[in-house]
Every structure is written in structure tokens, then in C-alpha cells.
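Participant: My questions will all concern the structure given below.
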Amino acid sequence: MLLFLSALALTGIQSAACEEVTRKASGKIRTALMCRNMDGTWREATEAPGQDSGVAASGLPARAEITYRGTYDVTFPEPLARGRRQGGRINFTVKLDSGTIVSASLWGEKYSRDSISGVFNERDCHLVNAQRTTFIDGTCNAAGISGRITGRGNGREFSGHIDLAAVGVVGVAAREEAANLAAAKVAEERRLAAIETAAADKARAEEERAAISRLKASLPKGAEQRYTPLLERAIQEDSQHWRFNRYQAGSIDLLAVKRDESGAIFLKASFKYAGGSSSQVGATLARGTISCLTFPDDPQGCRPIGQGIGSAMKATTGQPNTPKPDLPGCYNRAGQYLGPPILGSCDVW
């Protein structure tokens, strides 16, 4: 059995079959690539790997990953197996950078994978396995690899022919360019989405400011002086039971006052937390006293002062009851009652 496929593929391989030699000829210093022949003698390669001209001659991109498939057929001379012929299907993959083999491997039927190095171009293709027991000489290009295969196996020399066809050629630069274009497209889409989101947020904020301005313009005369202190005291007391947030004292800003048919007064105001973020509160006023408060982050709806979720969480590990009164007016998406419409609309809630 042939022994030229025995090692795992290696990466970053230098040319093991060829060496650069600097010499002086006709009074000039020149560097030549010398490759070892099967008989141990040396010959000068027509082109060094890595030159653009070699890549152009092979018809391959400067940076490419190529897959070849085909067959080989070799003969062992007498007396080994009485001149037995051996062959089969074979695969070869190579990664090139400007014509230089970065990594390559050869494997096939009955054989394990072996690493390959050498010179890869059309005019002088010279490949050798890592054990230096198999040599391929011929042509290597975008269409295929064809040439003579020689070496030693089981202590005997062999020779034959290898013929591979390219079944896949991937231009690394083109692939990277496509990936970069795709990434740039995603980045641009995200940038545009961020612009749209920012514009929508700005428009929403402007609408909210306009709505607040309209609400404040409709406040009854003297309402702020009359109701703001009541709300301030109620929020101050209620915030003593908050678990996560802290109230910024003096931040109450009355937005709306509405009286229903029963004579109850509903108040709407904005306020700030100690961290600077804003929220809103609704309050029901009966006989000069605030009877309940409504917060956007409390699913209980309008509930008594000091009986929010925070106080319930402090008192027990269980979940507080969430009553849902059957009253006409405004409800949130969870179905909790928020209060009556203000100026004919529930938007403010």
C-alpha cells in the first residue's frame, strides 16, 4: 500500500521541496527558486510562488480556496506484488495567497489525509507530501491538476499519473468583500432604524409636551395652588412604602382636574423620581381628601395611599391582590381601572 498519505493536514506550510538560492550571474545578484527532483538533483523553478504572474497564468484569484477531485494510477515495479498497479479516487484541497500555498491536503480512497507543500502555478507545478515520499509534477490551474506522480512506498519506487478536476473555486477576497458588503448593509439598516426610532421618539415627546400644554391651559383658575399641596403630601406619604424608587420632593406638576357627576374630583399630575426620571400619578379627591392613587407601574388601579405593590412586597413574599372595579372610564391594557376620561379622552392616562 502507498505510504504517501499518513499525516493530518497542516496550516502555514512553507515550501518543503523548494528553496530560494541567491547567486551572482553576469555581474548581477539574483534569487532563484530551486526544487529537488525525484533523483535528488535540483532544478530551477520557472516562477517563485507568490508572484502575481503565476497566479494570472493559473487563472485563479490572488487568494483562493480550491477543491479538486479525480483519480491517480501508479505502478510498483517488480518484484513487489509482481508489478502491481494501484489507483483510485483522490481529493486535493489547497488554500492560496498570491500563489503561495498557505495550506493543502491530499486524501482519497484507502488513504488518510496528508499535508502538501510546494510550488503551485501552471508552468511549474511541483508538489510534495510532508514525508517527502510522494512528488507531483505537472500543471496546476483553475481547471485542474494533471501530471506525473512519483515516489517511494514499501521500500520501492513507484510512478504513474494523477488527473484532478477543480470542483470548487472560492475567491477569498470576493467572499470577504461580499461579507463586508452584507455587514455594511446590516449596519446601514440599523443606522436608518435608529434614525427612525429617534425621530419617532422625538415626535412622541413633542406630542406629549403639546398634550400637557393643552391640559395645563384648561386647568381651572387657582387649581395648582389648591391641589398641588394635597398631591405633594399624598405622594410623600405613599413613597415611604415604595420598594424600588424614591420620590423627588417638590416635583409635582398638576396637569388636569376633572369633576364627575357624583362630585368626586379626579386629578392628574406628573412627578419625578430621585434619579431624575419622570412618571405620572392620578388621584381621586373626595370631601377635600385624596382617597386613592393610580400609578402606571402599579396594576392595582386606584388604590389607597400606602397600599401599593411595594408595601405588599415588603410585608409578604406573596403577590398582592389586584382588584379590578367595574367602573366606567379608562383602563390600561391589563384591564386595571385608571380613572375617568379627562377632557373627553383617556390618552392622558
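The values are calculated or read from the model by the stated rules, or taken from the named source; none is laboratory data. Remember, it's a predicted structure, so these values are computed and weren't measured experimentally. When we count neighbours, we look across all protein chains shown, and the Cβ atoms used for this are built from the backbone with ideal geometry, even at glycine. Note: accessible area is taken over every heavy atom of the protein model, side chains too, but ligands, DNA and RNA are not part of it. Shrake-Rupley method; radii C 1.70, N 1.55, O 1.52, S 1.80 Å.
Participant: Quick one: would you say LYS221 is open to solvent by 60 Å² or more (accessible area, probe 1.4 Å) and either touching a residue at least 40 places away in the same chain (Cβ under 8 Å) or part of a helix (DSSP H, G or I) (or both)?
Facilitator: In short, no.
Participant: Using beta carbons and a limit of 8 Å, which pairs, at least six apart or on different chains, have the first residue in segment 120-132 and in contact (Cβ under 8 Å) with a residue 40 or more places away in the chain and open to solvent by 10 Å² or more (accessible area, probe 1.4 Å) and the second one part of a strand (DSSP E or B) and among the small types (Gly, Ala, Ser)?
Facilitator: Here the result reads ALA130/SER115; ALA130/SER117, each pair linking segment 120-132 to a residue that is part of a strand (DSSP E or B) and among the small types (Gly, Ala, Ser).
Per-residue answers, yes or no, for (1) within 44 Å of the chain's Cα centre (by Cα); (2) aromatic (Phe, Trp, Tyr):
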| site | (1), (2) |
| --- | --- |
| PHE76 | no, yes |
| VAL128 | yes, no |
| ILE149 | no, no |
| SER159 | no, no |
| ALA166 | yes, no |
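Participant: Checking ALA249 against (1) surrounded by fewer than 18 Cβ atoms within 10 Å (Cβ to Cβ); (2) more than 13 Å from THR284 (Cβ to Cβ); (3) in contact (Cβ under 8 Å) with a residue 40 or more places away in the chain, only one condition comes out false. Which one?
Facilitator: Against the list (1) surrounded by fewer than 18 Cβ atoms within 10 Å (Cβ to Cβ); (2) more than 13 Å from THR284 (Cβ to Cβ); (3) in contact (Cβ under 8 Å) with a residue 40 or more places away in the chain, ALA249 comes up short only on (3).
Participant: Could you check GLN236 against (1) of a type in the set (S, T, N, Q); (2) surrounded by 13 or more Cβ atoms within 10 Å (Cβ to Cβ); (3) in a loop (DSSP other than H, G, I, E, B) and say which number it fails?
Facilitator: If we test GLN236 against (1) of a type in the set (S, T, N, Q); (2) surrounded by 13 or more Cβ atoms within 10 Å (Cβ to Cβ); (3) in a loop (DSSP other than H, G, I, E, B), just (3) comes out false.
Participant: Would you check if ALA200 is in a helix (DSSP H, G or I) and open to solvent by less than 60 Å² (accessible area, probe 1.4 Å)?
Facilitator: In short, yes.
Participant: Still on this model: Test each condition in (1) farther than 30 Å from ASP97 by Cβ; (2) under 45 Å from the mean Cα position of the chain (by Cα); (3) in a helix (DSSP H, G or I) for LEU181 and report the one that comes out false.
Facilitator: Here LEU181 clears every test but (1).
Participant: Of the numbered conditions (1) open to solvent by less than 70 Å² (accessible area, probe 1.4 Å); (2) within 18 Å of PHE92 (Cβ to Cβ), ASP163 fails exactly one; give the number of that condition.
Facilitator: Tallying (1) open to solvent by less than 70 Å² (accessible area, probe 1.4 Å); (2) within 18 Å of PHE92 (Cβ to Cβ), ASP163 fails exactly one: (1).
Participant: Out of segment 166-178, which residues are modelled with pLDDT under 85 and either of a type in the set (S, T, N, Q) or open to solvent by 60 Å² or more (accessible area, probe 1.4 Å) (or both)?
Facilitator: VAL169, ALA174, ARG175, GLU176, GLU177
Participant: Does segment 258-274 contain any residue that is surrounded by fewer than 16 Cβ atoms within 10 Å (Cβ to Cβ), within 44 Å of the chain's Cα centre (by Cα) and free of Cβ contacts under 8 Å to residues at least 24 places away in the same chain?
Facilitator: So far as segment 258-274 goes, no, none of its residues is surrounded by fewer than 16 Cβ atoms within 10 Å (Cβ to Cβ), within 44 Å of the chain's Cα centre (by Cα) and free of Cβ contacts under 8 Å to residues at least 24 places away in the same chain.
Participant: Does LEU254 fit the bill of being open to solvent by less than 20 Å² (accessible area, probe 1.4 Å), assigned to a helix (DSSP H, G or I) and modelled with pLDDT of 90 or more?
Facilitator: Spelling it out, it is not the case that LEU254 is open to solvent by less than 20 Å² (accessible area, probe 1.4 Å), assigned to a helix (DSSP H, G or I) and modelled with pLDDT of 90 or more.
Participant: Do the conditions hold for GLY301, that is, is it open to solvent by less than 50 Å² (accessible area, probe 1.4 Å), modelled with pLDDT under 85, part of a loop (DSSP other than H, G, I, E, B) and in contact with a strand residue (DSSP E or B) (Cβ under 6 Å, 6 or more places away or on another chain)?
Facilitator: yes
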